[in-house]
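Asker: Before I ask anything, let me first share the structure, which is written out below as structure tokens.
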Amino acid sequence: MGEGVQMSEEEYVLNIYRTFREKVVHEDNLVHQRMIWFVTLQALLFTSFAILLGDMSTGTQKAWQLELDQLRKLALVFSSVGMVSALAAALSVGAAFLAIDKAFNDWKVTTDRWVDKPSKQKIVKDLPSVVGAGKLSGTHWFGKIAGTAFPFSIGIAWLAIICEVYGASVFQF
């Protein structure tokens with residue numbers, strides 16, 4: 001009575017490894033989901049803006065019977081939603097990247113504690129990295145480029161659109 005389940009040293013190390021690896025996979029899935037939602041929203045906003053731009057350029061306004069000033073206000077709304085969602089995506093994806101880095105660092109701290117336990121070190125040595133090979137080779141930031149640069153560049157594009165619509169051209173040389 002009161003006896004716990006005995007596990008081998010290898011099972012113990014593998015359970016800890018799986019815990020850290022699951023955290024990394026979970027955060028990576030969050031990055032994926034957030035980017036999919038971001039790209040979907042941006043596609044809808046850019047499509048809506050393109051339709052709006054067509055009405056603004058032809059001056060017909062038949063579809064909505066809106067004046068040019070009202071169309072400009074709608075462009076401002078689309079651009080504002082686009083910029084805010086770009087900021088939200090960048091921050092939430094950045095938070096997931098920080099959580100992945102923390103999981104890797106915590107795994108490293110955990111395995112460093114086993115420096116005097118060669119049997120555990122051997123098990124760890126045979127395991128793949130919890131974040132993939134990139135972290136160990138110094139190229140881990142390559143995988144973060146899309147998640148960080150894309151929201152930033154889309155936010156800049158929406159800002160440029162606002163400037164163009166309101167007459168402060170950013171494309172004059």
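Asker: Subtract the Cα-Cα distance of residue 8 and residue 33 from 0.36 nm times their separation in residues, and report this length gain in nm to one decimal.
Answerer: 5.3 nm
Asker: Also: Give me the net charge of residue 161's neighbourhood, meaning all other residues with Cβ under 14 Å from the Cβ of residue 161; Lys, Arg count +1, Asp, Glu -1.
Answerer: Overall, the nearby charge balance is +1.
Asker: Once label points are set 7 Å from the Cα along Cα→Cβ at both residue 163 and residue 48, what is their separation, rounded to one decimal in nm?
Answerer: Between residue 163 and residue 48, the label points sit 2.4 nm apart.
Asker: Treat each spin label as a single point 7 Å out from the Cα along the C-beta direction, and report the residue 117 to residue 16 distance in nm.
Answerer: Distance between the two pseudo-spin positions: 0.5 nm.
Rule-based calculations on the coordinates, nothing more; no lab input. Since this is a predicted model, take the numbers as computed values, not measurements. We place every Cβ from the backbone using ideal geometry, glycine too, and count neighbours over all the protein chains shown.
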